[in-house]
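A.B. asks: There's a structure below that I have some questions on.
The values are calculated or read from the model by the stated rules, or taken from the named source; none is laboratory data. Because the structure is a prediction, the values reported are computed rather than measured. Here Cβ is always computed from backbone atoms with ideal geometry, including for glycine, and neighbour counts include all displayed protein chains. Side chains included, ligands, DNA and RNA excluded: accessible areas come from the protein's heavy atoms. Shrake-Rupley method; radii C 1.70, N 1.55, O 1.52, S 1.80 Å.
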Amino acid sequence: MKSLRADAGVLRVGQESMLMQVSKEQVMPLAGMRAIVRGDSETARTCARQLRFLGAETSGESQAPSQLAAEIVVSDPLDSNPLRCQVSWAAHPDDHRIVDEFTAQAVCGVMHVNGRKTGRPTPLGVEYCGIVAGIAATQAILAGLFARRRGIPIHEASTSVAHATLMTLSQYLGAATADDAKVMDIQPGGPPFRSADGVLFHPEFTSGGAWADFWLSLGASGRAASAGWRAWSLLPVTATAALPDELVACMARHTLSELRQVATSVGASICPVRTLADRAADIGLASGKPIPAPWMITAVGALPRPAPPRNAVGDSLPLAGLQVVDITRRIQGPLSGRQLSLLGAAVCHVEPVGGDPFRDVPPAVGDCGVIVHSFVDGKEVVEFDLRDPAHRPGLRELTDAADVFLHNWAPGKAEGLQLTAADLRSTNPDLLYAVASGWGGQLGARPPAGIEWVVQAHTGVGQALLPPDSPPGYSLMTPVDAIGAMINAQAILAALLVRQADGRICDVESSLLTASTVLTTTELERAAAGLPQLPGPCVDIEDLPVTTDLATLGDDPYLAGCTSWNGCLTVSAPWSFSTG
């Protein structure tokens, strides 16, 4: 990564003493700003809630302009011109299919993917598309304000419910159009499973070895275990995992305690399925505690002056000229880095020597599994052995030139690698240090695996995602990962705005745990108040334009601006910005 900062007048190596220490404090990047949020939609409500978390004063109007899910106008006391953000339902003005939450779920493929577990299109029980569009709108506002501080005269931003939703389905679109898409034998089925004492649970395995040892300990045949691993390993790209009956029966013969004991001995984990009321009690909602902000943005120091503009000549993308080092795996972290790349940052994705193990998970584009290909598109990829001292200088050369360092390591790993915020700021004092974690330190020093479906099981998300009359369980989509990625990128944008505005340097952390709260805010508040779950959507699936083949979305003329082809369907930037 070539440094674009050497002549920008910013602190460089050897000047760490110039970073003034400040008391650690939670930052309100939009303090002093006012926002009018128009629209009676979940998009408007989500955006308004997040703007308040960021410190803005908000007021609402129930009516948004025609064809819009929301319109937001932000007044900045440092700029005489307000910043406007419009969120349309459809991505194309002539697309009259997408007019609300459930037509968005139908057309964009959410119902199809969510329904793979049962074999029929199934809507999510929350207003998922509206929520992700509200987050995307807040991202656009933060990016626009940051760009203004850098001298890029953005006056309007826009996104759509459809485009934001497609961004969260990136790996499914890639898998449906990959070279060997037919390797996916999508059959109904999957977790949760029920133990001998009647407890629903989700099992999670960190490796194929842990999987094999678990079933061997339970007395399952090697043939059944091998067949099951194929389906289980594809879960992140298929949203289904039909295991052989033998494996399901093996688990059903053991109590939860016995299963946990076996899982612990082989490095796996077992998580019981909890309820929304359990999660509301964790937060303390019934005792009056509010829903917390979905991120921690903490000021840890300050430059002696705000950073000067660092624009790329002739480029109006908000993050043009900024550099990001992304050392993340799976979905949450890589998708966060992908969004920063789509906003103009130069993102360097660091993988272990030999490549990210998920490169070997089919289906693939060339020799790269789509779960990696979908999220490293547009990034520079380098390989380092982080535990090899010989590789340290090369990595530190990258971090010394970076504006943002992003990882999603388990607790304690950064310390073991000597790659903490303090370590990296010793030679790059104005570095923004960001963490996309599973649990945000809320479940102790040895939490369970911070994986989508473990988080869904622990937080009761499934109760909200499934219709009230459904059997207990959860979705096998990755909505928590997707929202976790979006709020992480959002927090990074907020911290960059703070650094540009007044020189304060921030640590950022968001988690899948807090992402689950964003997804279920309304449902958690009802559970805390002892109110029943809201009735399921009153929609007849037969009357909706349900997409049942994701590959056809690439040929949809109304979605042409949302995707491009790079060996498979990839999703383009869901925001646009107008300057002048």
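A.B. asks: Have a look at Ala436, Ala449 and point out the one that is touching a strand residue (DSSP E or B) at 6+ places or on another chain (Cβ under 8 Å), modelled with pLDDT of 95 or more and either farther than 21 Å from Met167 by Cβ or of a type outside the set (Val, Ile, Thr) (or both).
C.D. replies: Going through Ala436, Ala449 in turn, just one is touching a strand residue (DSSP E or B) at 6+ places or on another chain (Cβ under 8 Å), modelled with pLDDT of 95 or more and either farther than 21 Å from Met167 by Cβ or of a type outside the set (Val, Ile, Thr) (or both): Ala436.
A.B. asks: Same structure again: Please determine whether any residue of the range 552-562 is more than 24 Å from Val99 (Cβ to Cβ), within 26 Å of the chain's Cα centre (by Cα) and open to solvent by 40 Å² or more (accessible area, probe 1.4 Å).
C.D. replies: Looking only at the range 552-562, we keep the residues that are more than 24 Å from Val99 (Cβ to Cβ), and these are none.
Among the residues of the range 552-562, not one is more than 24 Å from Val99 (Cβ to Cβ), within 26 Å of the chain's Cα centre (by Cα) and open to solvent by 40 Å² or more (accessible area, probe 1.4 Å), which makes the answer no.
A.B. asks: I would also like to ask the following. Name the helices (runs of 4 or more DSSP H) wholly inside the range 454-522 in which the number of residues that are within 27 Å of Ala402 (Cβ to Cβ) is 1 or more.
C.D. replies: 479-502, 512-519
A.B. asks: OK, next. Could you grab me the full set of residues in the range 173-186 that are out of contact with any strand residue (DSSP E or B) (no Cβ under 9 Å at 6 or more places or on another chain) and either among the charged types (D, E, K, R) or within 18 Å of Gly561 (Cα to Cα) (or both)?
C.D. replies: Lys182, Asp185
A.B. asks: A further question on this structure: Could you list, in sequence order, the residues of the range 379-411 that are within 22 Å of the chain's Cα centre (by Cα) and modelled with pLDDT under 90?
C.D. replies: The answer is Ala410, Pro411.
A.B. asks: Out of the range 354-365, which residues are open to solvent by 60 Å² or more (accessible area, probe 1.4 Å) and either closer than 14 Å to Gly174 by Cβ or not in a loop (DSSP other than H, G, I, E, B) (or both)?
C.D. replies: Of everything in the range 354-365, those that are open to solvent by 60 Å² or more (accessible area, probe 1.4 Å) and either closer than 14 Å to Gly174 by Cβ or not in a loop (DSSP other than H, G, I, E, B) (or both) turn out to be Pro357, Asp360.
A.B. asks: Could you pull out the residue among Ala140, Ala157, Ala164, Ala175 that is in contact with a Cys (Cβ under 9 Å, 6 or more places away or on another chain) and not in a helix (DSSP H, G or I)?
C.D. replies: Of the residues listed, the single one that is in contact with a Cys (Cβ under 9 Å, 6 or more places away or on another chain) and not in a helix (DSSP H, G or I) is Ala157.
A.B. asks: Can I ask one more? Does at least one position in the range 52-73 carry a residue that is at negative phi, modelled with pLDDT of 95 or more and assigned to a helix (DSSP H, G or I)?
C.D. replies: yes
A.B. asks: Okay, moving on. Based on this model, can you work out whether Val381 counts as surrounded by 21 or more Cβ atoms within 10 Å (Cβ to Cβ), in contact with an Asp or Glu (Cβ under 7 Å, 6 or more places away or on another chain) and in a strand (DSSP E or B)?
C.D. replies: No; evaluated as a whole, the condition is false for this residue.
A.B. asks: Is it the case that some residue within the range 250-257 is open to solvent by 60 Å² or more (accessible area, probe 1.4 Å), among the hydroxyl-bearing types (Ser, Thr, Tyr) and either in contact with a strand residue (DSSP E or B) (Cβ under 9 Å, 6 or more places away or on another chain) or not in a loop (DSSP other than H, G, I, E, B) (or both)?
C.D. replies: Yes - at least one qualifying residue is present in the range 250-257.
A.B. asks: So, in the range 396-425, of the ones that are part of a helix (DSSP H, G or I), aliphatic (A, V, I, L, M) and free of Cβ contacts under 8 Å to residues at least 60 places away in the same chain, which residue ends up nearest to Met486 (Cα to Cα)?
C.D. replies: Within the range 396-425, the match that is nearest to Met486 (Cα to Cα) is Ala414.
A.B. asks: Let me ask you something else. Given the conditions (1) under 26 Å from Ser475 (Cα atoms); (2) touching a residue at least 60 places away in the same chain (Cβ under 8 Å); (3) open to solvent by 10 Å² or more (accessible area, probe 1.4 Å), report the number of the one that Ala106 does not fulfil.
C.D. replies: With respect to (1) under 26 Å from Ser475 (Cα atoms); (2) touching a residue at least 60 places away in the same chain (Cβ under 8 Å); (3) open to solvent by 10 Å² or more (accessible area, probe 1.4 Å), Ala106 is out only on (3).
A.B. asks: Taking the stated definitions as given, is Ser470 among the polar types (S, T, N, Q), open to solvent by 10 Å² or more (accessible area, probe 1.4 Å) and at pLDDT 90 or above? Quick ask: steps written out before the conclusion?
C.D. replies: On the way: among the polar types (S, T, N, Q): yes; open to solvent by 10 Å² or more (accessible area, probe 1.4 Å): yes; at pLDDT 90 or above: no.
Answer is no for this residue.
A.B. asks: Another one. In the range 149-177, how many are at pLDDT 95 or above, within 24 Å of Pro77 (Cβ to Cβ) and of a type outside the set (Gly, Ala, Ser)?
C.D. replies: Summing the residues that are at pLDDT 95 or above, within 24 Å of Pro77 (Cβ to Cβ) and of a type outside the set (Gly, Ala, Ser) in the range 149-177 gives 1.
A.B. asks: Quick one: in the range 40-49, of everything that is under 17 Å from Asp100 (Cα atoms) and not hydrophobic (A, V, I, L, M, F, W, C), which residue is surrounded by the most Cβ atoms within 10 Å (Cβ to Cβ)?
C.D. replies: As a first pass, look at the range 40-49 and keep what is under 17 Å from Asp100 (Cα atoms): 40-47.
Now drop any that are not not hydrophobic (A, V, I, L, M, F, W, C), which leaves 40-43, 45-46.
Details: Asp40: 14, Ser41: 24, Glu42: 24, Thr43: 34, Arg45: 20, Thr46: 25.
Ranking the qualifying residues of the range 40-49, first place goes to Thr43.
A.B. asks: Would you check if there is a residue in the range 426-437 being among the aliphatic types (A, V, I, L, M) and either without any contact (Cβ under 8 Å) to a residue 60 or more places away in the chain or open to solvent by 10 Å² or more (accessible area, probe 1.4 Å) (or both)?
C.D. replies: Yes, there is a match, as at least one residue in the range 426-437 is among the aliphatic types (A, V, I, L, M) and either without any contact (Cβ under 8 Å) to a residue 60 or more places away in the chain or open to solvent by 10 Å² or more (accessible area, probe 1.4 Å) (or both).
A.B. asks: Moving on. Taking into account only those residues within the range 50-72 that are under 18 Å from Thr521 (Cβ atoms) and touching a helix residue (DSSP H, G or I) at 6+ places or on another chain (Cβ under 7 Å), which is surrounded by the fewest Cβ atoms within 10 Å (Cβ to Cβ)?
C.D. replies: Result: Gly60.
A.B. asks: Starting from residues that are farther than 30 Å from Pro471 by Cα and exposed (fewer than 14 other Cβ atoms within 10 Å of the Cβ), keep the ones in the range 178-192 and report whichever is modelled with the lowest pLDDT.
C.D. replies: Ranking the candidates gives Lys182 first.
A.B. asks: Also: For the range 330-342, does any single residue satisfy the condition of being in a strand (DSSP E or B), open to solvent by less than 10 Å² (accessible area, probe 1.4 Å), out of contact with any Cys (no Cβ under 8 Å at 6 or more places or on another chain) and within 22 Å of Asn488 (Cβ to Cβ)?
C.D. replies: Within the range 330-342, the subset in a strand (DSSP E or B) is none.
Among the residues of the range 330-342, not one is in a strand (DSSP E or B), open to solvent by less than 10 Å² (accessible area, probe 1.4 Å), out of contact with any Cys (no Cβ under 8 Å at 6 or more places or on another chain) and within 22 Å of Asn488 (Cβ to Cβ), which makes the answer no.
A.B. asks: Also: Just name the residue that is farthest from Ala551 (Cα to Cα) out of those in the range 91-101 that are surrounded by fewer than 23 Cβ atoms within 10 Å (Cβ to Cβ) and touching a residue at least 60 places away in the same chain (Cβ under 8 Å).
C.D. replies: Asp94
A.B. asks: Looking only at the range 494-545, how many residues end up being modelled with pLDDT of 95 or more, in contact with a Gly (Cβ under 7 Å, 6 or more places away or on another chain) and open to solvent by 10 Å² or more (accessible area, probe 1.4 Å)?
C.D. replies: Residues flagged as modelled with pLDDT of 95 or more, in contact with a Gly (Cβ under 7 Å, 6 or more places away or on another chain) and open to solvent by 10 Å² or more (accessible area, probe 1.4 Å) within the range 494-545 amount to 2.
A.B. asks: Please enumerate the residues belonging to the range 198-212 that are under 8 Å from Ala268 (Cβ atoms) and open to solvent by 40 Å² or more (accessible area, probe 1.4 Å). Show your work before the answer.
C.D. replies: The initial filter retains those residues of the range 198-212 that are under 8 Å from Ala268 (Cβ atoms), namely 203-206, 210-211.
Listed by number, the list holds a single entry, Thr206.
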